[in-house]
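Take a look at the structure set out below.
The values are calculated or read from the model by the stated rules, or taken from the named source; none is laboratory data. Because the structure is predicted, anything quoted here is derived from the model rather than measured. Here the Cβ positions follow ideal geometry from the backbone for every residue, glycine too, while neighbour counts run over all protein chains shown.
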């Protein structure tokens, strides 16, 4: 039986060399944000908002034209700490 991820960690790599991580509750939430916010403005130099669900009162904005790569990683909860 396949396991279901508890959330998805999205690693955003910027052209400046910085890396940011945000978390989405489901892959559908990420796909919705990606297809409605980031992709249509891919060459735009204006700022767009990136949802941060795990930090209340904080927000992140970025320039879509500065995104070099995105990696989506499923995160599975469990009793074993696997933070290497």
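Scan the range 35-48 for residues that are part of a loop (DSSP other than H, G, I, E, B) and either surrounded by 12 or more Cβ atoms within 10 Å (Cβ to Cβ) or touching a helix residue (DSSP H, G or I) at 6+ places or on another chain (Cβ under 6 Å) (or both) and report the count.
Looking only at that region, the number is 5.
Which numbered condition in (1) in a loop (DSSP other than H, G, I, E, B); (2) at pLDDT 90 or above is the only one that residue 82 fails?
(2)
Which is in contact with a helix residue (DSSP H, G or I) (Cβ under 7 Å, 6 or more places away or on another chain) and either modelled with pLDDT under 90 or at positive phi (or both), of 64, 2, 51?
51
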